[in-house]
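Report on the following structure.
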Amino acid sequence: MYRSVLERVILPTYGHLAVEEVERRNIADLHYALRDIPYQANRALEIGGKLFNLAEEWKLREDANPCKSVHKYP
């Protein structure tokens, strides 16, 4: 499940950007674009959050995780 969300949603949308180029606005736009499928929107947000946490841990990104301030759908 998580792999398919990564392959079908996240990579096609942001795969062309460097990890430090992704901003909160990008994440919020993707989350909003998936509003008709809230489960998938929330999964994409969780996976993105994990990816950015790892990027910070591995020193690939110095900025805060852009997924942290985007609220999940109920």
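Given the residues 24, 43, 61, which is the only one that is surrounded by 14 or more Cβ atoms within 10 Å (Cβ to Cβ) and either in contact with an Asp or Glu (Cβ under 7 Å, 6 or more places away or on another chain) or on the phi > 0 side of the Ramachandran plot (or both)? Going through 24, 43, 61 in turn, just one is surrounded by 14 or more Cβ atoms within 10 Å (Cβ to Cβ) and either in contact with an Asp or Glu (Cβ under 7 Å, 6 or more places away or on another chain) or on the phi > 0 side of the Ramachandran plot (or both): 61. From the list 32, 73, the lone residue that is without any contact (Cβ under 8 Å) to a residue 24 or more places away in the chain and of a type in the set (Phe, Trp, Tyr) is 32.
For beta carbons closer than 8 Å, sequence separation of 6+ or different chains, a first residue in region 4-23 that is without any contact (Cβ under 8 Å) to a residue 24 or more places away in the chain and more than 19 Å from residue 39 (Cβ to Cβ) and a second that is assigned to a helix (DSSP H, G or I) and not small (Gly, Ala, Ser), the qualifying pairs are 14/26; 14/30; 17/26.
Read the figures in this text as sums done on the coordinates, not as results from a lab. None of the values given here were measured: they were computed from a predicted structure. Cβ atoms come from the backbone with ideal geometry, glycine included; neighbour counts cover every protein chain shown.
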